[in-house]
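Heads up, the thing below is written out as structure tokens.
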Amino acid sequence: MSEELQKGLEGVLVSESSLSYIDGEAGRLVYRGYDIDDLASRASFEEVIYLLWNGELPTAEELSAFKSAMADERAVADDVLDTAAALAEADEKPMAAIRTLVSSLSAEDPDPEAEAEEATLESAQRKGRRITAKIPTVLAAFDRYRRGEEPLDPRSDLSHAANFLYMLTGEEPDPVAEETFDQALTLHADHGLNASTFTAMVIGSTLADLYSAVTGGIGALSGPLHGGANQDVMELLLDIDASDEGPVEYVERRREAEGWRVPGMGHRVYSVKDPRAVILEKKSEELGQSSGDPTWYDMADAIESHFEGAGLVEEGIAPNVDFYSGTVYYQLGIPVDMFTPIFAMSRAAGWIGHTLEYQAENRLIRPRARYTGGKQQTFVPLDER
């Protein structure tokens with residue numbers, strides 16, 4: 001067994017997966033063999049979930065049945081809504097709220113199998129479907145409660161993306177908003193063994209159930225080194241808008257004075273522009289043109305152009321998915337502190353897919369740490385210390 005230390009498991013292979021492939025040098029992302037550009041532009045989010053969980057695209061009949069089953073699972077028990085109301089009244093942060101609410105959903109799960117080792121793949125997928133369908137409901141309810149409004153019942157006649165926007169805003173989204181949000185969900189659905197996906201997989205390797213795995217994934221995503229950059233980007237743009245400086249002047253002043261790293265720029269895997277950012281940049285521009293207010297796209301584009309001109313993009317400091325997703329969500333009327341929970345709402349599909357894939361040929365994940373403490377200490381009784 002190798003004794004070489006790899007902090008952060010950098011470059012360490014811990015499993016095999018057929019869910020997603022990343023080529024960081026070429027700027028390419030693939031789900032189950034399909035390029036992310038094709039999936040984002042031609043497949044619905046429900047289609048992508050089916051693909052991730054089943055390994056192949058659904059037929060029209062299979063997709064219709066899957067969408068109907070998902071829609072039927074959207075409603076949540078009154079006890080869960082009461083918990084959402086209590087969290088809103090306590091001014092809980094949205095990521096902490098969704099963590100608690102997803103965990104509470106297990107109490108209403110009708111499947112008798114409590115443990116993964118007793119469950120069939122079919123029953124595990126039913127659990128995954130329930131979790132994925134209900135997260136938008138509890139998230140929208142929490143946000144409405146904290147705004148002093150009653151939650152709206154989910155609608156089975158709307159897509160996953162459109163239903164969430166409806167429950168959040170009270171208005172059925174137009175086709176442009178629905179398509180844009182659906183694409184954003186697809187782009188965030190999976191991304192290899194990132195920190196939150198690996199966390200969910202580790203939990204699943206103990207044969208804990210999917211509620212535990214997804215709750216753990218949310219906890220990992222809540223950390224500022226993983227999720228949250230989309231919120232940071234939007235807060236940056238709002239600060240710039242409120243200042244007397246242009247976006248380039250503002251960014252350069254802070255970089256020179258503070259050694260500050262611009263949020264949404266650079267990625268652990270990609271050495272070029274994130275392919276998801278390429279797609280979301282176009283959607284951000286389209287939304288700005290549609291509304292007649294391209295402010296947010298223009299500022300982000302100015303910063304990116306400045307980085308390109310300064311040669312920073314060639315050094316790997318290029319836009320990642322968060323750099324443009326924040327401007328997209330903001331233009332859809334989504335509160336800024338809800339951006340990361342929406343990331344979780346989408347990434348749950350990947351967490352569940354990886355957990356089920358790993359459990360199919362399960363082995364408990366048990367790494368080692370190099371011990372650096374003492375080995376010959378002499379114990380002194382308490383009364384002699």
Task: Given (1) modelled with pLDDT under 95; (2) crowded, with 16+ Cβ neighbours inside 10 Å; (3) under 16 Å from the mean Cα position of the chain (by Cα), index of the condition R254 fails - done: (3)
Task: Check on V48, assigned by TED's automatic domain parsing to the domain that holds A195, within 22 Å of L187 (Cα to Cα) and among the β-branched types (V, I, T) - done: yes
- [ ] Please specify each residue of segment 10-54 satisfying the condition of being assigned to a loop (DSSP other than H, G, I, E, B) and in contact with a Pro (Cβ under 6 Å, 6 or more places away or on another chain).
- [x] G27
- [ ] Would you check which residues across segment 349-383 are hydrophobic (A, V, I, L, M, F, W, C) and free of Cβ contacts under 8 Å to residues at least 40 places away in the same chain and list them?
- [x] A369, F379, V380, L382
Task: Among the candidates V233, V248, V214, residue that is assigned to a helix (DSSP H, G or I), assigned by TED's automatic domain parsing to the domain that holds S104 and of a type outside the set (K, R) - done: V214
Task: First in segment 168-179 and part of a helix (DSSP H, G or I), second anywhere and of a type in the set (S, T, N, Q), Cβ under 8 Å, 6 or more apart - done: V176/S290; E178/S159
TODO: Please find, within segment 119-154, the residue that is surrounded by the fewest Cβ atoms within 10 Å (Cβ to Cβ) out of those that are among the small types (G, A, S) and within 18 Å of the chain's Cα centre (by Cα).
DONE: A133
Open item on the list: Please determine whether any residue of segment 149-161 is in the same structural domain as V214 (by TED's automatic domain parsing), assigned to a helix (DSSP H, G or I) and touching a residue at least 40 places away in the same chain (Cβ under 8 Å).
Closed with: yes
- [ ] Please specify each residue of segment 68-79 satisfying the condition of being in a helix (DSSP H, G or I), touching a residue at least 60 places away in the same chain (Cβ under 8 Å) and either outside the structural domain of S104 (by TED's automatic domain parsing) or not small (G, A, S) (or both).
- [x] M70, D72
Open item on the list: I'd like to know if segment 204-223 contains one or more residues that are closer than 24 Å to I303 by Cβ and buried (at least 19 other Cβ atoms within 10 Å of the Cβ).
Closed with: no
Open item on the list: Against the condition assigned by TED's automatic domain parsing to the domain that holds S106, of a type in the set (A, V, I, L, M), within 29 Å of D23 (Cβ to Cβ) and surrounded by fewer than 19 Cβ atoms within 10 Å (Cβ to Cβ), how does A195 come out, does it pass?
Closed with: yes
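The values are calculated or read from the model by the stated rules, or taken from the named source; none is laboratory data. Just so it is clear, the model here is predicted, and its values are computed rather than measured. All Cβ positions, even for glycine, are placed from backbone atoms using ideal geometry, and neighbour counts span all protein chains on display.
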